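Novice: Quick one: structure below, then a few questions.
The values are calculated or read from the model by the stated rules, or taken from the named source; none is laboratory data. If you're wondering where the values come from, they're calculated on a predicted model, not measured in any experiment. Neighbour counts are summed over all protein chains in view; Cβ atoms, including those assigned to glycine, are modelled from backbone coordinates with ideal geometry. Surface accessibility is based on the protein's heavy atoms, side chains included, excluding ligands, DNA and RNA. Shrake-Rupley method; radii C 1.70, N 1.55, O 1.52, S 1.80 Å.
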Number of protein chains: 2
Amino acid sequence: MAKKPPAPPRREGSLSRDRIIEAAIVLLDEAGESGLTFRALAERLVTGPGAIYWHIANKGELLIAACDAIVARAMSEARLDASPEASIRAIALGMFDAIDEHPWVGSALTHAPGQLPAVRLLERLGRSLRELGVRREREWTTVSALLSYVLGVGAQNAANRQFAFAEGLERDSFLASVSTAWSELDAAEYPFARSIAAQLSDHDDREDFLAGIDLILGGIHALT
Amino acid sequence: MAKKPPAPPRREGSLSRDRIIEAAIVLLDEAGESGLTFRALAERLVTGPGAIYWHIANKGELLIAACDAIVARAMSEARLDASPEASIRAIALGMFDAIDEHPWVGSALTHAPGQLPAVRLLERLGRSLRELGVRREREWTTVSALLSYVLGVGAQNAANRQFAFAEGLERDSFLASVSTAWSELDAAEYPFARSIAAQLSDHDDREDFLAGIDLILGGIHALT
DNA sequence: ACCTGAACACCGTTCAAGT
DNA sequence: ACCTGAACACCGTTCAAGT
């Protein structure tokens, strides 16, 4: 991400769907969801905004395509050699890390249900669940719970990042501010939130995520 | 919510934060997330767009406030008399139904992490988990898994609705179209998605949601 | 204190016109 | 076939001016 010299904006060659998607990913990574604009994208590609519409139908399709590129990469990198449980952890963790690196993927995935990116994830999880020996009648229920959990955590993590970013805070100071806000809640109405506020500041998102996966795997195990 | 006669657009009395939030909820329910516009809201309240800013800082705050009103209602309605497990199911189901009725709440909740609406839910889940006897060191991990799952399913359900709505389809025909899309995927690359496509059309979202909750509760039980 | 509504700086998308 | 860029119909938000 920082090896080659800061090459001048090239316009060599012509536009293409892939080139547009690649540029969109860079823009999303750099400026967040609100940074993806047809004008900004056009500027980066040295064209006018209208040119993009020749290759891509609209902003929604662009977002899904960018999201799909990231998910496909993450899925192809997940190692699947070990036990089915280990594979599920690897798939889930791969997705977690991908969303962590590209927060916009979190909400993009959630907002495009049933589309290719989500199906890629579902496919991988489903195959491992089959290996695990989940009964046919419980297959749908089980993948869908796992998928919801992965997407849920991912979306929330992404939201955390974006919320912090929007307020100009680092992750730590964002968590700290939420933590003190919780500890100042009404004692009678929010005893639990108050008492858990301290643990908020020094938890590990990745560990918590995995612990949740293990909770679900534990539940699956108990029923198999 | 439906007792009094269909009163004509009133402008009696003055604007207030509560009145604005109430109107925002109606607008969101009727026209979806993209329907909430300061101009549309102002029209409904018989004022100019600027007037709203006297009572509310910006659109984000308005969305969170509207979301909070719905969550507060749902939480206060959840019955908590029975066992902790039953309480957790009731809380989760209450949230599921609330999001089902007001799909915009799904993404609003997700996009405002650590804010009041999410804390309400966390508080209720946390108290029940304590009753259940979850060990202190596992409390944070456990609530956060449960919360992520609830929000994840909710957000996805909401996205389903909105996706279908945007394409002018009913839930059933939307699911049917996704189902046929999945069954036409490449056989070598997507065996699982293809084989499960059929089950997609006739599943029950609510039942699947509860089954996922039970999976997590099963995992918690195994560790307690 | 509260409201008005024009104005500012943006959006996504379209489309005639160019090559 | 592919690109250009002005134009359209919107946004959220601000702010002088009114009551």
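Novice: For B:Ser76 and B:Asp204, compute 0.36 nm times the residue count separating them, minus their Cα-Cα distance, and round to one decimal in nm. Walk me through the intermediate numbers first.
Specialist: On the way: separation 128, 0.36 × 128 = 46.08 nm, distance 2.55 nm.
Going from the current span to full extension adds 43.5 nm.
Novice: What angle, in degrees between 0 and 90 and rounded to the nearest 10, separates the Cα long axis of helix B:171-183 from the longest principal axis of the Cα atoms of chain B?
Specialist: For B:171-183 against chain B, the angle is about 40 degrees.
Novice: Next question. Shortest first, in nm, what separates the label point of B:Pro49 from those of the same position in the other copies (7 Å along Cα→Cβ)?
Specialist: Once sorted, the set of distances for B:Pro49 reads 1.6 nm.
Novice: Give me the percent of the accessible area of the stretch B:165-224 that comes from carbon and sulfur atoms, probe 1.4 Å, all protein chains in place. The partial results should precede the final answer.
Specialist: Working: 1680 of 3170 Å².
On the stretch B:165-224, the fraction of accessible area on carbon and sulfur atoms equals 53 percent.
Novice: I've got another one for you. What GluC sites (Glu not before Pro) does the stretch B:107-185 have in DSSP loop regions with at most 12 other beta carbons within 10 Å?
Specialist: On the way: sites: B:Glu123, B:Glu131, B:Glu137, B:Glu139, B:Glu167, B:Glu170, B:Glu184; in loops: B:Glu167, B:Glu170, B:Glu184.
Taking the stretch B:107-185 and a limit of 12 other Cβ atoms within 10 Å, the loop GluC sites (Glu not before Pro) found are B:Glu167, B:Glu170, B:Glu184.
Novice: Ok, one more. Could you tell me the total accessible area buried at the B-A interface, probe 1.4 Å, in square angstrom to the nearest hundred?
Specialist: Values: alone 13370 and 13400 Å², together 21860 Å².
Counting protein atoms only, the buried area is about 4900 Å².
Novice: Calculate for the protein assembly as shown the 222 nm mean residue ellipticity that helices alone would give, adding -39,500 (n - 2.57) per DSSP H run of length 4 or more and normalising by residue count, nearest 500 deg cm²/dmol. Working shown, then result.
Specialist: Numbers: 22 runs with 321 residues, N = 448.
Counting only the DSSP helices, I get -23500 deg cm²/dmol.
Novice: What full-extension length gain, to one decimal in nm, is calculated for B:Ser34 and B:Glu101 as 0.36 nm per residue of separation minus the Cα-Cα distance? If you can, show how the numbers build up before the last one.
Specialist: Values: separation 67, 0.36 × 67 = 24.12 nm, distance 1.66 nm.
Extending this stretch completely gives an extra 22.5 nm.
Novice: Residues of the stretch B:64-86 with backbone nitrogen within less than 17 Å of a virtual label 7 Å along the Cα-to-Cβ line of A:Ser195, please, listed as ranges.
Specialist: Label zone hits: B:84-85.
Novice: For B:Asp81, go 7 angstrom from Cα along the Cα-to-Cβ vector, then report the distances to that same point in the other copies in nm, smallest first.
Specialist: Nearest to farthest, the other copies are at 5.8 nm.
Novice: What is the calculated FRET efficiency for B:Arg138 to A:Arg136, with r their C-beta to C-beta distance and R₀ = 41 Å, to the nearest 0.05? Walk me through the numbers on the way to the answer.
Specialist: Working: r = 33 Å, r/R0 = 0.80.
Approximately 0.80, to the nearest 0.05.
Novice: Spin-label point model (7 Å from Cα, Cβ direction): what's the A:Val26 to B:Arg171 distance in nm?
Specialist: Each label point is offset 7 Å from its Cα along the Cβ direction, giving 4.4 nm.
Novice: While we're here: What FRET efficiency comes out for A:Asn58 versus A:His221 if R0 is 56 angstrom and r is the Cβ-Cβ distance? Round to the nearest 0.05.
Specialist: Once rounded, the FRET efficiency stands at 0.80.
Novice: Helix A:191-201 against the longest principal axis of chain A: what's the angle in degrees, Cα atoms only, rounded to the nearest 10?
Specialist: Once rounded, the angle reads 50 degrees.
Novice: Could you compute the longest span of chain B free of trypsin sites (Lys or Arg not before Pro) located in DSSP loops and having at most 14 other Cβ atoms within 10 Å, not counting the site residues?
Specialist: Details: sites that count: B:Lys3, B:Arg10, B:Arg11, B:Arg79, B:Arg135.
By the stated rule (loop sites, at most 14 other Cβ atoms within 10 Å), B:136-224.
Novice: So, with a 1.4 angstrom probe, what is the percent of accessible area on the stretch A:10-118 that is carbon and sulfur? Can you show the working numbers first?
Specialist: Numbers: 2610 of 5130 Å².
Its accessible area is 51 percent carbon and sulfur atoms.
Novice: Continuing with this model, one more query. Compute the acute angle (0 to 90°) between the alpha-carbon long axis of helix B:84-101 and the principal axis of greatest extent of the alpha-carbon atoms of chain B; round to the nearest 10°.
Specialist: That works out to roughly 50 degrees.
Novice: If you don't mind, another one. Counting only Cα atoms, I'd like the Rg/Rh figure for the stretch A:80-223, Kirkwood definition for Rh. Intermediate values should be presented prior to the final figure.
Specialist: Details: Rg = 17.3 Å, Rh = 16.7 Å.
So for the stretch A:80-223, dividing Rg by the Kirkwood Rh gives 1.03.
Novice: Closest beta-carbon to the B-to-A rotation axis: which chain B residue owns it, and what is the separation in whole Å?
Specialist: Nearest-to-axis residue on chain B, with distance in whole Å, is B:Gly152, 1.
Novice: Would you mind working out the accessible area per residue for the protein assembly as shown, using a 1.4 Å probe, and quoting it in Å²?
Specialist: Working: 21860 Å² over 448 residues.
With all protein chains present, the protein assembly as shown gives 49 Å² per residue.
Novice: Which distance in nm do the two modelled labels at A:Leu116 and B:Ser83 give, with both placed 7 Å along the Cα-to-Cβ direction?
Specialist: So the label points at A:Leu116 and B:Ser83 sit 4.7 nm apart.
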